[in-house]
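The values are calculated or read from the model by the stated rules, or taken from the named source; none is laboratory data. Note that this is a predicted model, so its numbers are computed, not measured. So basically every Cβ, Gly included, is an ideal-geometry build from the backbone, and we count neighbours across all protein chains shown. The protein model used for the area step is the full one, side chains on, heavy atoms only, and it has no ligands, DNA or RNA in it. Shrake-Rupley method; radii C 1.70, N 1.55, O 1.52, S 1.80 Å.
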Amino acid sequence: MRFIRNALVVIGLLALVGVGYAIFAFEPYLGQVRSLDSQAPKIYSQMARTVLETGDAAEAMVYKRKVDDDLSVEEVEDVLRLVANELNIRNVGELPMGEEVRSVTGEDFPFLKIYMFCDVAIAAEMVRHSPAMAAYLPCRIVLQEDAEGNLWLMTLDLDPMIHGGRPLPEDLREQAVFVKDSLEEIIDRAAVGAF
């Protein structure tokens with residue numbers, strides 16, 4: 001009995017030392033954490049869960065939808081372009097990546113195409129706020145065929161950019177949310193062929 005009591009005392013002491021060390025080590029960051037957007041903990045928690053579930057960091061950073069099985073690539077592309085135009089999101093380019101891979105390697109490769117969209121005025125405001133946001137430009141939507149022949153649409157999840165740091169100025173946050181919502185609407189509608 002004495003051994004168990006002593007072991008519990010040692011475990012308790014080690015736990016207190018660990019908590020004390022964590023407080024000491026992370027105390028300088030607590031004020032900075034409080035200055036982040038109120039949604040930041042939720043965003044990073046979800047990203048961490050996805051990484052732990054899938055083992056894939058990229059999977060944690062995308063918004064994606066499976067395309068209905070009865071839709072062709074051409075039908076999906078038509079809806080992508082139509083909805084982007086409807087939302088005044090400009091199509092600034094397309095990269096037929098699957099074709100490029102096939103032409104360079106001479107090997108078969110599933111369909112993979114990258115569509116680039118942009119609202120130039122919003123992009124300029126984002127880059128003025130943070131030059132690092134230029135790495136998100138232009139906004140990209142990917143249409144990709146998986147190993148089973150299913151088509152998937154995906155884009156970067158913009159929530160970490162919008163809510164992952166200190167709060168954006170209100171007008172810029174509204175514009176960023178508009179872009180995020182627009183990209184997701186384009187994907188959601190193209191995935192089901194909803195003109």
Just want the answer: with Cβ charges of +1 for Lys and Arg and -1 for Asp and Glu, which residue in P160, M116, S38 is farthest toward the dipole's positive end in the chain?
S38
Normalised contact order of region 78-195, rounded percent, pairs of Cα under 8 Å and 6 or more residues apart:
27
With at most 13 neighbouring Cβ atoms within 10 Å, loop GluC sites (Glu not before Pro) (DSSP) excluded, longest segment of the chain:
1-106
Can you list the DSSP H helices in the chain whose Cα atoms extend at least 18 Å along the helix axis and whose mean Kyte-Doolittle hydropathy is 0.5 or higher?
2-34
If one computes the Cα centroid of region 178-192 and of region 67-142, what distance in Å separates the two points?
12
Counting Lys and Arg as +1 and Asp and Glu as -1, each charge on the Cβ, what is the dipole of the chain about the Cα centre in debye, to the nearest 20?
1540
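Whenever you get a sec, compute what percent of the accessible area on the chain sits on carbon and sulfur atoms (1.4 Å probe).
61
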Tell me which residues come under 5 Å, amide H to amide H, from G165 once H is placed; ignore anything under 5 positions away on its chain.
D37
Going by the alpha-carbon gyration tensor, a ≥ b ≥ c the square roots of its eigenvalues, is region 71-144 rounded (a/c under 1.5) or, if a/c is not under 1.5, prolate (a/b greater than b/c) versus oblate?
oblate
Here are labelled values, (1) 14.0; (2) 17.3; (3) 10.8, and one is the computed mean projected area of the Cα convex hull in nm² for what I pasted. Which one?
(2)
Where the only charges are on Cβ atoms (+1 Lys, Arg; -1 Asp, Glu), what is the dipole of region 102-161 about its Cα centre, to the nearest 20 debye?
320
